[in-house]
Every structure is written in C-alpha cells, then in structure tokens.
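Structure first, then comments.
The values are calculated or read from the model by the stated rules, or taken from the named source; none is laboratory data. All of these numbers come straight from a predicted model, not from anything done at the bench. Positions of Cβ are generated from backbone atoms using ideal geometry, with glycine treated the same way; all protein chains shown enter the neighbour counts.
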Amino acid sequence: MKTGNAIFMGLMVFIISCAPEEVNIRKEKPVISVIPAKGYVVPDELVEPPLKIVAGKPYTTRVNTKNEIKGDINIEPVGPPQILRMKPPVVKTPGKDGIKLPEIIKVNEICVLSRAPEIVQAKTAHSKEINPMNFSSLSKIQGLRHDQIRNMAQDKAGNIWLGTDDGLTKYDGKYFSHYTTEQGLNNNLILSVCIDINENLWIGSFGGGAIRYDGLNLCKFTDSSGLVNNVVNCIFEDSKGKIWLGTAGGLSVYSGRTFTNYTVDQGLCHNYIRSIAEDNSGRIWISTNDAGISVFDGRSFSNYSESEGLPVNHIHSLYKDKDGNIWLGGNRQMLMAFNGSDFISFGQNYSSSPGYDMVRTMIQDSSGNLWIGTEQGGISVFNGKYLINYTEKDGLASNMIRSSLLDRNGNLWFGTRGGGLIKYEGTLFTHLTINEGLSNSMVMSIMENEPGDIWLGTFGGYVTRVFIREENGIEQKRFVYYDEKDGFRNNRIYSILKTRNKDIWFGTDGGGVSVFDGKYMKTFTRKHGLCSDTIRKIIEDKDGNIWFASYSAGLSKYDGTYFYNYSWKQGISSNNILSLFEDSEGRIWIASATAGICMIEKEKVTHYSTKQGFINDIVYCIIQVRDGSMWFGTGGSGVVRYDGTNFISYSGRDFETDRDVLSIYQDSKDNIWLGTRFGPVIIDAVSPDSGAIGSSAPRFKHYGYEDGFTGIGCNFGAITETKDGTVWIGANDRLTAYNSKGERKDFSPLTIQLTGIKLFNEDMQWTGLTGRKDTPVLLHNGVEVGNIRFTGISKWSLLPENLSLRYNNNYLTFDYIAVSVTGSSKIRYQYMLEGFDDNWNLPTERTEVSFGKLDHRDYVFKVKTMDIDGRFSNVISFPFTIRPPWFQTLFFYIISGLLILVSIFGFIKYRFRKLESDKRILQEKVEKQTVEIIRKNTVLTEQKNEILEKNTAIEKTNQELVRINSEKDKFFSILAHDLRGPFSSIMMLTEEMAAEMPNLNREEINEIIKVLQSSSASLFRLLENLLNWARMKQGHIPFNPEKIKLSALVGESLSLLVEQAKAKKIEVTCIIPDEITVFGDKNMLQSVLRNLVSNSVKFTRPGGKIDIFASINRNDQIEIAVQDNGIGMNRELLQKLFHLDEKTNRPGTEGEISTGLGLLLCKDFVEKHNGRLWVESEKDKGSVFYISIPAADV
C-alpha cells in the first residue's frame, strides 16, 4: 500500500505477501558417481597356490525318459466356418402393405446446467495372485460407486466413461469423477453411453430416458419429449451423424430436431432392442431380445429369425470388425458373422466349455483377435481357429462380462457385474506359476537349451523343463520335472550352465553340483573335492574349465580331473562369493558379498573394494557388454560401469527401485536389463554413451506393478533372453515373460486438463454460482467468500471463465491431470503462475498446487506434463484476476485527487481574501487615527510619545503584512512550480487514455495507472504539508497532548514509509527503548517523524542506511535522532533551513520533489511541544536531525 493513500484514508495497513504452499519436488536426473579404478594388486608372496584335489567319483543316477505334461487347458479348437443356409428375410416397408409409417416428433429438449461431479482418487488396480495373463481390475474398493459396468466409451482426451448401476463415472487414470442425479441425471442406472462426432456424450438410462451432455449442459430426452421409451438399452451414431436409440419399446432416430420412431408397427421384428451396428453398405443392424435381427436400409426392414435360418432368436450384441464383418452374439456361444453376402457360423455349442453362455459383448484387439464377453462364463478369445477361455480362475475379477472397449493405446477394458472394470494391457508381461505347471513358483535360474526348450532352477521344486511349441497354429506349453529321483540332492537350484560339450550343470543349495549329459546325472560335493555344497554361480572359461562360486568357501575350478580351490589364502578378497564372469581377455571377475570385486589375471589377483575407492562392498552380479565395458550390480549403489579406467555408478530417478541390482543381462537389442528388488529396470540401448567422465547418464525405464510386472522383485541372477526374443525373469513368486512385441508406444502427446479450482482448500461448485455470483458463500472451514465474477463456465471441466476474485479471496488451489489410463504414476508435471513465478517449477508427480495471499493483479496459471520419455504435452492456461480493494482503484484515486485540489484552491483563495481585508481595515484605522492626531496636534502635545509608540506599532504591522505577502508569494511559487509537474503528468496521461483507450492493452493501461498513482501520491504529500503549515499558522490545528509510548509511535509512523525505503533498498534501523514515554500530540509527532524519515529516504542513495535512536538526556528531555548516510548539506544550506523566505528545496537522489515546507512544519510542531529541532550535517557524509521534547512525567 502506498504511503500517501494510507495517510489520506487514516488507515495503517501492512500487507505481507505469502509464497505458495511448499511442494516437495524430486529431481529426475540420475545420480552419477565417477571413481578412478585403482585396485590393490596382491603381492605374490601373499598368494598361495590353489588347493589341488583329485575329483572323487561322483554320485551317478540314470535319468529315465520323461513324460511331457500339457500345461494349457483353456484352449479349444473351433471347427471350420460354415455358410448358414438362410431363407430370404421377411421384408417390411413402412407405408406399404398395411405397415404404418414412422411417427416423426419434434424434439422438446429440456437442458439443465450440470453440477460438478464428485471426484475420488482411484486406488491401485487389483491383480489376482493366480493371473498368468496380467488382468487387473478396478472396483468399489478402488473408488467406483458400483461394481456393475454396463457400457463404456472413450472421449477424444482419453477419458473412459463408464455407465454403471449407480450413475455415470469418468476415469482419467488417476481419478474417478462420479455423476448421479445429484449432478442432474434423470436416473442412476446407466445402460448405455456413446460419444458422437461432436464430442457430445449420450447417456441411456433405465427409466430415465436419454441425456446428451456437451460438457456443460445436460439435455434430457424422455417419452414426454418424443422418445419412444424411457428404457434406453443402446445408443449408436451412424456414418451420417444420426443418433439411434434402442429402447425397450422400439427404435428412436434423432436427427438433431426430430425423433423418428420405429416399432413392430413400422416393420421392426421386436420392440425390445439390444444392440445396433452399421455395415459397410450403410445398413443399420438391430438385434432384439427374442425375435432375431432387423436390417434397415433406409426404406425397409429385412428381418431374420430362427424361421429364416438363424441358430437363435436372442441376439444380445452386434459388432463390426476391421474387415467389415458383422458379428452376432447369441445366447449359446454360437459364433456367427455376416461377411457382406453370407451368414457364417463357427464351431458348435460347447456345453462343457468354461465360456459357455450368452454373448454380451464383443471387441477386436489390435492383432485382429475377437474377444467375447459372456453372461457368466468369462472371456473367450477367438483367433480364427481356437477359442482361448479366461475365467476367474485365470485372473478375471468376475465371470459376468457386460461391456468392452479398445482404447486408443490398444488396451482392452471389460465392464463386469460384480467385479467392476477389468483392464488387459496385452502380452507385455505374462506369468507362469505352480498353477500353470511349474514345480515351484520361485525361479532362481534360467537356461535355454535349444529354441523352445527352457530349463528352470527353482527354490524348493528342483528343476522344471518347459517346452514351448506351436501345435496346430497355436503356442502350447508342456512341462517335464526333474527331482531327487533323477539324482538331485537338494531342491533349491541356484545356477544352471550349458557347456560347450552340451553338458548341463546345476548349482544347488547344500547338494553340491550336478551335471546332466542327457542320460546320467552326476553329482559332486565337498566329499569329491568341491569347495562347498552350496554353489551360487557356475561359468565355463575359454579353456573349458568349469568354475563354481560358493557363498562361504571361496571358489573351485574343475578341469575334468582335479578341483582347484581358491579362498582368501589364494588372494581373493572374500570367501562369500555371489557371482563369477570371464571377460573377453580371459580374466576372471569375482563378485563378493563383503569385499567388492576382485579379478584374477594370469595368477595375479587385484582387489577393488571400498578400501580402494570402489562404490560398494556388496556386488551381486557381473557381465561384459558388447562394447567391452564391464557392468556390476551392487547392493545399494545401483549399477556400476567399468570402462577400463574409471568406475561409473548410476542410479535412476527412482532410487528405491534400482539401488539393489541383483542381476544384469544384455539382450539381443543391446538393452541392459537390471533385476532389482522392486522389478526390472532397462537401460535403453539408444541412451547416450555414459562411459566418459562428464557425459550424460543412460536412460532408465522401470517396470513395476502398474506396468504388469506383478512379481514385485527380481530374484538373484535370474534374467535370460531366449532365441525368440522373450526375456524371462525369475520374480519373487512367479516366472515372468517379457514380450517386446507387447510394448505399446503412444507417440501422441498427453492431453492435460484442469479439473478443479479450490478457494481456501475447499471445493467450489462453480456451476452453482451462475446467476448468484454476488451471494456470499460460507465454506466448510468457516471462510466466507463472495463477489465472485466470471463470464461463463468451461465445458467438461465446469470451471469459471475469466475468473475475478476480490482482494481477500486470494488463496487458490489448482487441480490438474494428464489423461492416461495406463502409467499415470510415471507422469511428471511442470507449472508456473505468471505474475508470481519467473520460471517453470521443477517436474513433480503432484497433481495440485496452492498459492496463498496473492497480491491484486492479473495472473495466468500454466501447467504441462512430461512423460517417461521426456516428451511434453500441450500447455493449458487459466487466466484470473485478484481485484484491489475499493480504496486502491483508479476511480478512487482520481476522485480523491480532484477533491483535494478543489479544497486547496478554495483554502488559498479564502486566505488571500482574508489578508487583503485585514490590510484594508488596518489602513483605514491608521488613516482615521492620523487625521485625529493632526486635528488634535496642538492640544495633544503631551501625547506625543504615545503617538510615536502607535506609529511604531503601525510600522511593525506593515512589516508583518510584507512578511505575509512574502509567504503568500512563496505559496503561489510552490503551487506554480511544484503542482505543475504532477498536474501536467495527470493531464497528459488522461488525454492519452481518452484518445487511445480502445487501442491500449492491459499492460499499457497498468503502466499508465502506475504513473497516475505516483503523480497523485507526490501531489498529495505536497498538499498535505501546505495544508498543515497553513492551518498551523492560523492556529486551527488542535493540540491534544497525551502520554504516548515512543516505540509504538515510531513504529506506526514508519509502517507507512517501509515500501518507499524498500524501493530504494535502504535499510532502516529503529532502536527505541520500550520504557520511553512522551507527552505530546500524537498526530503532530507522527507528522514530524514521517517528514524527517521521508527526507532521509529522499536524500539517501539506493543501498544506504537510516538509523533512528531515542534517549533521555540529563534535563529529563527525550532526544530523538534520525541519522542517514545520504548526500548531506553544506554550511550555506544549513543556514537557510527553517526559513520560508530562503530557497532550500532541491531534488532527491532519484529526482524526488522537495519544497522545504516539511522542515518548517516540523519546527513549528516541535516548538508547540516546548521542544527544539536542530540538525548536524556534512556534505556527502549524511545528516542527523535531533528532536528534544519533554518526557511524559514532566
């Protein structure tokens, strides 16, 4: 608040601006640590030769031929397609042969403004324990209002709209927005939803008719407005933009102005409509409850039923696939399609099939497979030859499927009864557990023997061998099991290796190592020379030697005859070994659990641990990638890359997921896979080379629960790619297969939308304020808001347009979301508030931000999103205004200035006339007395002295008149000189505004207003001093002394000058003892202090300092000092101070106006208190003004 305005209003307001609520933002850049590789080479004299032991005769068991066990039991073949022998349809033409013409009714729309929906944050989707295909679901526990979803549609922004038994729900990936009768729906039981070409949402309900929602208004259609029936089972838009509404009482066609209604009277085969579709010829297909189908070509209905050759009359669903075939969903799982010329059936009734039931919905995926949702039998997938059936046993949330949707990213969604919403994201991750055929769900080692022949070492289930073959056009899995009968001495298998001679070695937990040559299983233990019976890793070196790593006894090398055992005595850094690797130069790298890594090269052993500066002493795994660099997975420090010179440590942006790297693997595409405790992380092959110091970090991509990796964490050393490109990962409780073909990349940018604007942390029903914007609203937290202005409501967001809030309704919270129904947790947001922020804030995962106690001005809130690949979305903007209080408006400034000018001119004119009158009266008296003296001169000689005294009085009066005239001239000089500048600025700017107002933008208007305000403030301060000085001379200023606490008085006076000092960056220090009390007039003393401090600010350079002190002197007088380090005064100027007839005014350090009247006023006010005002100053060193006034107890 400006000082002049505060004085005029008599208010003292100190406004403190608050920053927005603190937001915790995590930096996204990976952490990189670079350490020179300086290893410790163990001296030869400290290294003993390895302990050489002749390998004893192993335990040998003949392995019998194994039977393969079929794993997949939910696949059924479908017979070849057959053309149905159909009779000609029954053709009925409205208006012919007694068939009535359709009734055409002009639509009577009833539209109401929608209320804002109830918004609930969606919890993480649920995934069943037994779930090989990675189905997940959202139900009431996750935030839905009801678990039955009858229909779905996806809008242009990516939101999915769900028709449920308890209202309409929008899902944006993070929030559910619920619409019910509270928001304006006719009925909460929603049977159908459809989005037309104009992005209007059509909603069909049970008993409430239909609604068209344009994002703002709900336009209602019922039987009273022309709809044929209020039970709307399905809604369909044809290629011409007409809306077809299938009801329980016939068919209504909406053209935009009218309803055209068809029933059995117009040729329809049945009035109860179930589904509607359009073929490539533009014909409309209509399925009914019990009378087959009707095909309408625009003129006639062609009706097909069992009488004409259909297998069933009850056709619940229709669907047109990518090839234009119309699929008919019957009630006996009899697959039927019309290919444009013939009806074709596939297979026969399978009464024993898990998918046996009525077909409620059909959808085709991006690969061309047809997904069939049934009444009570789950989902069946038809690929042209087979039906693959999925039920609750396979991970579905419910077997009762009611609707389906293929979203724009290729994901499939199924609405169920009792299970809510099912999501299927494809085959990116699939799973195998004991339920699908594994001997144990926890897989510790993986090895592909031949293409389609995978050996799995499990934790507790020995070895499972999986054969993956294509049989009759479909992939099948068969399982073979190896256990103690085949020679294993322990059921936990940590490592599997196939050697160059095709032997397969197995490292166990306590059972030694076993080797299988195709017929016999041979097992070596400590008894046979092995260093330990617990072997964590097996490798083969370039010479054909087999190396075994144990956790507690070092390592063994086996050459076919001898075991060579190594421990710390042989120079290795630890006996607790977790992994081994031979690099391209034949060096053996050893990863330990306690001492980092060590390397054996030609009998030389080199240690790299934290003692030598290595990153971590826990190292789980080692590989060498194709560029020759070595990679190490550590326990707590991420992954480490060795380029031959330096160790470079990387951790991705999600430090909790990639710190513990239990396994590393490079796939055929050069991607590096990291198996961590929280899922796999991929270092992208296209990431920049990170080997050199200072180069950029690789790009990390983490897969977690939300992406379909439901095994939570990865097991130690259990990642392998098979020849078909599948990456197999041993997870905590399942074997997971990653199929890169299932990776869906959405190259379209994310769509971001503003979802809410709160005031004082309270949700606002903005639509409810339409028409009553000035009505005060009491929020739940007790805050009252009101006088809210906006020009309209935005569609879909239901937020105000051009929002304008009063100055004290200035705490706002913005809610926003990037619409992504998959992977929403990986999206980051950046925002800024123009008018408050200078730059964009750092990326954050939060979807709301608050700003509090905003100053009055115009603002624009902006927000954008960044996906996992660093792509930004569009920027959305929301402009709004915080209005100033009424006493800080331009209108108030202009009116106040005019009133002050009129008052000052009136006072000056009155004062001038009064002086002239007094002079005239006095002159008349002098003349009369002079005449009287002359007349009585002869007789009044004795009164000569008295006459002389009167003449002296007259002379003094004349001198006073001369002085008064001089002061008057000084007044006019001040007015002519100092008022001319501000008035010229005001006149020039107002003339410019009058002439250029239509062409001025908001920024130019704001700049003019700032200049007007500055000129008005300068003028006000000048006029206030003139007025006070004049009133003082007349004795019209009341003098009301009282006891005043000096520190409070100084504080109140300074509060109005804080902004003036801040503008020049001047430090003001006030040291006033609390116990000092003065006896004086509060208003006069405040005026003195303001003038003195204002002068110090005016004549102190930017960055200067002003000190205010007070003390009690020996005469019990209060001494107040105002000291600055400004430009000071020379002796000549000091002598002219406190004299009106002397020119002492000069400009401030930044050209501020100065008249000299302020000091005269201060001197008069101080002397009124029986005090004294004096100054000490030296040019260019500053000034000190002293005030001496009585204390309160005097």
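Quick notes on this structure:
- Screening GLU450 against (1) more than 27 Å from LYS128 (Cβ to Cβ); (2) modelled with pLDDT of 95 or more leaves a single unmet condition, (2).
- Verdict on TYR175 being more than 24 Å from SER275 (Cα to Cα) and buried (at least 24 other Cβ atoms within 10 Å of the Cβ): no
- Restricting attention to the stretch 293-323, the residues that are within 51 Å of the chain's Cα centre (by Cα) and not in a strand (DSSP E or B) add up to 8.
- Residue match in the stretch 1135-1146 (condition: farther than 13 Å from VAL1184 by Cβ, free of Cβ contacts under 8 Å to residues at least 60 places away in the same chain, of a type outside the set (S, T, N, Q) and not in a loop (DSSP other than H, G, I, E, B)): yes
- Residue within the stretch 77-91 that is assigned to a strand (DSSP E or B) and at pLDDT 95 or above present: yes
- Pair list, Cβ < 7 Å and 6+ apart or interchain, from the stretch 114-131 residues that are assigned by TED's automatic domain parsing to the domain that holds GLY395 and over 30 Å from ILE712 (Cα atoms) to residues that are in a loop (DSSP other than H, G, I, E, B) and of a type in the set (Asp, Glu): ARG115/GLU182
- Total residues in the stretch 1078-1105 satisfying the condition of being within 14 Å of ASP1124 (Cα to Cα) and outside any helix (DSSP H, G or I): the figure is 7.
- Some residue of the stretch 494-512 being farther than 17 Å from SER550 by Cβ, under 45 Å from the mean Cα position of the chain (by Cα) and in contact (Cβ under 8 Å) with a residue 60 or more places away in the chain: no
- Extreme residue, nearest to ASN233 (Cα to Cα), among residues of the stretch 297-331 that are of a type outside the set (Phe, Trp, Tyr) and in contact with a Pro (Cβ under 7 Å, 6 or more places away or on another chain): GLY330
- Residue within the stretch 528-546 that is part of a strand (DSSP E or B) and either under 30 Å from ILE388 (Cα atoms) or more than 52 Å from the chain's Cα centre (by Cα) (or both) present: yes
- Only listed residue being at pLDDT below 85 and under 60 Å from the mean Cα position of the chain (by Cα), chosen from PHE983, PHE972: PHE983
- Note on the stretch 433-486: residues that are of a type in the set (Gly, Ala, Ser) and in contact with a Gly (Cβ under 9 Å, 6 or more places away or on another chain) amount to 6.
- Check on GLU1075, at pLDDT 85 or above, part of a loop (DSSP other than H, G, I, E, B) and loosely packed, with under 15 Cβ neighbours inside 10 Å: yes
- Lone unmet requirement of (1) in a loop (DSSP other than H, G, I, E, B); (2) of a type outside the set (D, E, K, R); (3) surrounded by 19 or more Cβ atoms within 10 Å (Cβ to Cβ) for ILE1108: (1)
- Condition met for LEU1173 (assigned by TED's automatic domain parsing to the domain that holds VAL1078, at pLDDT 75 or above and either surrounded by fewer than 17 Cβ atoms within 10 Å (Cβ to Cβ) or assigned to a helix (DSSP H, G or I) (or both)): no
So that you can scan it fast, the table gives a plain yes or no per residue for (1) touching an Asp or Glu at 6+ places or on another chain (Cβ under 8 Å); (2) touching a residue at least 24 places away in the same chain (Cβ under 8 Å); (3) surrounded by fewer than 23 Cβ atoms within 10 Å (Cβ to Cβ):
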{"residue": "ASN545", "(1), (2), (3)": "yes, no, yes"}
{"residue": "ALA549", "(1), (2), (3)": "no, yes, no"}
{"residue": "ALA595", "(1), (2), (3)": "yes, no, no"}
{"residue": "MET599", "(1), (2), (3)": "no, yes, yes"}
{"residue": "GLN612", "(1), (2), (3)": "no, yes, yes"}
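- Scanning the stretch 759-798 for residues that are among the aromatic types (Phe, Trp, Tyr) and out of contact with any helix residue (DSSP H, G or I) (no Cβ under 9 Å at 6 or more places or on another chain) turns up PHE760, TRP766, TRP796.
- Members of the stretch 219-248 that are buried (at least 19 other Cβ atoms within 10 Å of the Cβ) and either in a loop (DSSP other than H, G, I, E, B) or not assigned by TED's automatic domain parsing to the domain that holds SER205 (or both): THR222, GLY226, LEU227, VAL228, ASN229, ASN230
- The stretch 286-295, subset in contact (Cβ under 8 Å) with a residue 24 or more places away in the chain and surrounded by 22 or more Cβ atoms within 10 Å (Cβ to Cβ), residue farthest from ASN339 (Cα to Cα): THR288
- Qualifying positions in the stretch 854-876 - assigned to a loop (DSSP other than H, G, I, E, B) and modelled with pLDDT under 90: ASP867, ILE868, ASP869, GLY870, ARG871, SER873, ASN874
- Summed over the stretch 426-455, residues that are under 13 Å from GLU721 (Cα atoms) and not β-branched (Val, Ile, Thr) total 9.
- Within the stretch 610-640, the set of residues being more than 34 Å from the chain's Cα centre (by Cα), at negative phi and not hydrophobic (A, V, I, L, M, F, W, C) comprises THR610, LYS611, GLN612, ASN616, ASP617, TYR620, GLN624, ARG626, ASP627, SER629.
- Hey, SER917 surrounded by 13 or more Cβ atoms within 10 Å (Cβ to Cβ), of a type in the set (S, T, N, Q) and not assigned by TED's automatic domain parsing to the domain that holds LYS758 or not: no
- From GLY906, GLY897, residue being modelled with pLDDT of 75 or more, closer than 24 Å to LEU1161 by Cα, part of a helix (DSSP H, G or I) and within 60 Å of the chain's Cα centre (by Cα): GLY897
- Within the stretch 902-914, tally of residues that are over 30 Å from GLU955 (Cβ atoms), loosely packed, with under 15 Cβ neighbours inside 10 Å and not polar (S, T, N, Q): 3
- Identity of the residue in the stretch 249-277, in contact with a Lys or Arg (Cβ under 7 Å, 6 or more places away or on another chain), under 19 Å from SER192 (Cα atoms) and not small (Gly, Ala, Ser), that ends up surrounded by the fewest Cβ atoms within 10 Å (Cβ to Cβ): VAL253
- Evaluation of LEU185 against the conditions (1) touching a residue at least 24 places away in the same chain (Cβ under 8 Å); (2) surrounded by fewer than 19 Cβ atoms within 10 Å (Cβ to Cβ); (3) over 21 Å from GLN753 (Cα atoms); (4) among the aliphatic types (A, V, I, L, M) shows that the sole unmet condition is (2).
- Matching residues in the stretch 823-842 - criterion: being surrounded by fewer than 20 Cβ atoms within 10 Å (Cβ to Cβ) and assigned to a loop (DSSP other than H, G, I, E, B): GLY823, GLY835, PHE836, ASP838, ASN839, TRP840, ASN841, LEU842
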